[in-house]
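Q: Questions regarding the structure given below will be posed in turn.
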Amino acid sequence: VRSFVSDTSPDKRSRIIDQLLKDERWADHSMGYWQDVLAENPTLINASLNTTGPFRWFLYDALRDDKSMDRIVTELILLRGSKHEGGSAGFGIAANNDAPFAAKGQIVASAFLGIELQCARCHDSPYHSTKQRDLYSLAAMFEQKPVTVPVTSRVPDAFFAKQQRQSMIKVTLKPDETVAPVWPFGAVTGGVDDESLTPLMQSPEDSRERLAAILTSPQNTRFAQVIVNRMWRRLMGAGIVEPPDDWEGHAPSHPELLHWLGQEFITHDYDLKYLSRLI
């Protein structure tokens, strides 16, 4: 700080920004944030706590290697490598969980799309437009096959029978109804599931790979803007959209700025350091 204050060079701000972005501690500083966003539990000794253990090293290596954000998220969704030696497969670990891929779908939606799906685990969201089907469609894409809502995540019929007024909770999925792996958020995000994705994939029939391609495609402007908003919030103290993980009903304070930063992020290959320097 003293060195910076005493420096009289006109380019001192640019030089200190470059110096800090090149510092190895960039990864250390960023890692805790993304662990929180991805609901990473760092516990290694208690396997019953949804621990993802060495998955943290996947994040750390990705940040140290300056991987682009679209690549980090693609690898995260594909769940490849070793669960126990630091591969992105560790993100898929979820102990004591009746629908682990629904849990991961919920995390991915809030982390990268600003869509809240927590309530949709057991019923349609009473305060959001999201439905139970939306979450389980996402879970099916993750799981690479049709899924059903587990019995332990259903609202029992007796709950509705005892209501003395109309319940805010609604269940639009029938019991044991199968939910197909279908992308549910095209209208909200701009990312659509069509033939334009095929050149981006090695296995177009793989719904998990398709999910990664939709999430990170340039057409999915919501993805870029959510990441931009998160970085802005970290650097400035408040997001252009608040809260960062639930955008429904929350307008950006400066929509033009959010749009411009999102386009800059996309056209500069989803480079987190470029974005930080720009902000």
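Q: Which one of the conditions (1) open to solvent by 30 Å² or more (accessible area, probe 1.4 Å); (2) at pLDDT 85 or above does residue 170 fail to meet, given that it meets all the rest?
A: Going through (1) open to solvent by 30 Å² or more (accessible area, probe 1.4 Å); (2) at pLDDT 85 or above one by one, residue 170 breaks only (2).
Q: Determine which member of the set 104, 131 is buried (at least 22 other Cβ atoms within 10 Å of the Cβ) and within 24 Å of residue 191 (Cα to Cα).
A: Of 104, 131, the one residue that is buried (at least 22 other Cβ atoms within 10 Å of the Cβ) and within 24 Å of residue 191 (Cα to Cα) is 104.
Q: Among the residues of segment 29-53, write down those that are surrounded by fewer than 18 Cβ atoms within 10 Å (Cβ to Cβ), modelled with pLDDT under 85 and in contact with a Lys or Arg (Cβ under 8 Å, 6 or more places away or on another chain).
A: 42
Q: Go over the candidates 188, 182, 192, 228 one by one and state the one that is among the hydrophobic types (A, V, I, L, M, F, W, C), touching a Gly at 6+ places or on another chain (Cβ under 7 Å) and open to solvent by 40 Å² or more (accessible area, probe 1.4 Å).
A: 192
Q: Only residues that are over 28 Å from residue 69 (Cβ atoms) and among the charged types (D, E, K, R): list them for segment 108-130, please.
A: If the condition is that a residue be over 28 Å from residue 69 (Cβ atoms) and among the charged types (D, E, K, R), then 124 is the only one that fits.
Q: Still on this structure, I have one more. Filter segment 219-254 for residues that are free of Cβ contacts under 8 Å to residues at least 24 places away in the same chain and either of a type in the set (A, V, I, L, M) or closer than 30 Å to residue 195 by Cα (or both) and give the result.
A: 238, 240, 251
Q: If I go through segment 244-264 residue by residue, how many of them are closer than 22 Å to residue 72 by Cβ and open to solvent by 30 Å² or more (accessible area, probe 1.4 Å)?
A: Residues in segment 244-264 being closer than 22 Å to residue 72 by Cβ and open to solvent by 30 Å² or more (accessible area, probe 1.4 Å): 3 in total.
Q: Please state which of the following conditions residue 63 fails to meet, knowing it meets all the rest: (1) at pLDDT 90 or above; (2) farther than 22 Å from residue 210 by Cα; (3) open to solvent by 30 Å² or more (accessible area, probe 1.4 Å).
A: (3)
Q: Read through the list (1) without any contact (Cβ under 8 Å) to a residue 24 or more places away in the chain; (2) surrounded by 13 or more Cβ atoms within 10 Å (Cβ to Cβ); (3) over 21 Å from residue 117 (Cβ atoms), then give the number of the only condition that residue 267 fails.
A: Of (1) without any contact (Cβ under 8 Å) to a residue 24 or more places away in the chain; (2) surrounded by 13 or more Cβ atoms within 10 Å (Cβ to Cβ); (3) over 21 Å from residue 117 (Cβ atoms), only one is false for residue 267: (2).
The values are calculated or read from the model by the stated rules, or taken from the named source; none is laboratory data. In this text, all values refer to a predicted model and were calculated from it rather than measured experimentally. So basically every Cβ, Gly included, is an ideal-geometry build from the backbone, and we count neighbours across all protein chains shown. Note: accessible area is taken over every heavy atom of the protein model, side chains too, but ligands, DNA and RNA are not part of it. Shrake-Rupley method; radii C 1.70, N 1.55, O 1.52, S 1.80 Å.
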